[in-house]
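A short worksheet on the structure shown next.
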Amino acid sequence: MWRTLQYLMTFCVIFKCASGLYFHIAETERKCFIEEIPDETKVIVNYKVELYDPRSHGYMPSGPGIGMHVEVRDPDDKVILSRMYSAEGKVTFISHTPGEHVICLYSNSTAWFSGGQLRVHLDMQVGEHAIDYANVAQKEKLSELQLRIKQLLDQVVQITKEQSYQRYREERFRQTSESTNRRVLWWSITQTVILVIMGAWQMRHLKSFFEAKKLV
């Protein structure tokens, strides 16, 4: 029993540590993350900004003047979200094109923290993980069984989207491979034609040289 509890506690600690990340950012620095997202998928980005304290050599909660500008671009490099947020908040958007989405964060005016370093805690939730089922159950007055069924249905929908995205990636990869093979083939043909033309020109030049020297 005690060993089982130890395993459960270890699993919870590992899961808690792996659920989010943090990074350091300077006043003029821009941090971007690439996330592969299927189409029509909800994404929630939770973040929290902390300011470096040189006296304690640690990080403390940032003041009200510090904010983060968040920009999201789709695989076609179109901006689908660009907005200034506070030092702690939640960013929500829905993807409309499958592929790599670029999420960039950078701080606002440098006058607020005079060149200090920031630590940004980031937690990204995609698909059914971005749904607050407790709130859904309260709004729709669902029983525990109904809520579980809804969760399973959402998981099935998300798996279907992931499979469609994988097929989309395979199709793109196949098109890229075929295009590369065609270019390599035409490049080989072009090289062969150039070599034949150069060989014929050299033979003609040598023939003219020998005839001029009356060696032939």
Length released on extending from Arg174 to Leu21, taking residue separation times 0.36 nm less the Cα-Cα span:
51.6 nm
Amide proton proximity set for Ser86, modelled H, under 5 Å, gap of 5+
Met68
Under a 1.4 Å probe, counting only protein heavy atoms, Phe210 has an accessible area in Å², nearest 10, of 80
Flagged as over-length at 30 Å C-alpha distance, from Lys78/Lys141; Lys90/Lys141; Lys42/Lys141; Lys78/Lys150; Lys31/Lys150, the pairs are Lys78/Lys141; Lys78/Lys150; Lys31/Lys150
Quote to one decimal, in nm, the extra length available between Glu71 and Lys31 on full extension: 0.36 nm per residue of separation minus the C-alpha distance between them.
13.4 nm
For Asn108, enumerate residues with amide H under 5 Å from its amide H, sequence gap 5+ or separate chain, H modeled in the peptide plane.
Gly67, His69
Accessible area per residue of the stretch 64-216 at 1.4 Å probe, in Å²?
72
Diagonalise the Cα gyration tensor of the stretch 122-216 and give the resulting equivalent ellipsoid semi-axes, square root of 5 times each eigenvalue, largest first, whole Å.
74, 11, 5
Point-to-point label distance, Ser208-Ser188, nm (Cα→Cβ direction, 7 Å offset):
3.4
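The values are calculated or read from the model by the stated rules, or taken from the named source; none is laboratory data. Worth saying up front: this structure is predicted, and the values here are computed from it rather than measured. Positions of Cβ are generated from backbone atoms using ideal geometry, with glycine treated the same way; all protein chains shown enter the neighbour counts. Calculation scope for accessible area: heavy atoms of the full protein, side chains included, ligands and nucleic acids excluded. Shrake-Rupley method; radii C 1.70, N 1.55, O 1.52, S 1.80 Å.
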